[in-house]
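This report refers to the structure that appears directly beneath it.
The values are calculated or read from the model by the stated rules, or taken from the named source; none is laboratory data. Since the structure is predicted, the reported quantities are computational estimates derived from the model, not experimental observations. Cβ atoms come from the backbone with ideal geometry, glycine included; neighbour counts cover every protein chain shown.
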Amino acid sequence: MSGGGGNDSDWRPTSTIVPTTKPGAGSGGGGGGGINPCHFTEVTNISSPNAAVAGTLAVGSILSLSLQQNRVLVMSGSNPAGSITSARLADFVQCMSAGQRYDARVVAINGGAITVEIYPV
């Protein structure tokens, strides 16, 4: 019988982003390999952009992500440019807590809206 049951605490939608594979994850010897669920990219807007930092950004600027108290901040050097509030936020928090690092490349600036592509490093 299908339906019912399930885990009501998992509120996240099913991901449509396919993770990339680790280098050397093909056939052959060696341990590990396989798919790393933290290797995914996402295009999203920076939430609550810091106007002083936003004014220094250009398309192509590379920013880093920083996990601070379960918030994912987008950093330009040591200055917060804003935060991330994507549908994958819980995935970012979990992966960053496990040690995965991410950078964000500015792909568009439209007035106060800053669009970034986030990728694993």
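The table below gives the values:
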item: Pairs, first over 12 Å from I109 (Cα atoms) in the range 34-58, second β-branched (V, I, T) and not in a loop (DSSP other than H, G, I, E, B), C-beta under 6 Å, six or more apart; result: I35/T21; E42/I118
item: Residue match in the range 20-29 (condition: at pLDDT 95 or above, of a type in the set (V, I, T) and part of a loop (DSSP other than H, G, I, E, B)); result: no
item: In the range 52-74, the residues that are in a strand (DSSP E or B) and either in contact with a Cys (Cβ under 6 Å, 6 or more places away or on another chain) or surrounded by fewer than 19 Cβ atoms within 10 Å (Cβ to Cβ) (or both); result: I62, S64, S66, L67, Q68, R71
item: Residues that are surrounded by fewer than 13 Cβ atoms within 10 Å (Cβ to Cβ) and farther than 21 Å from A51 by Cβ, drawn from the range 81-120; result: S97, A98, G99
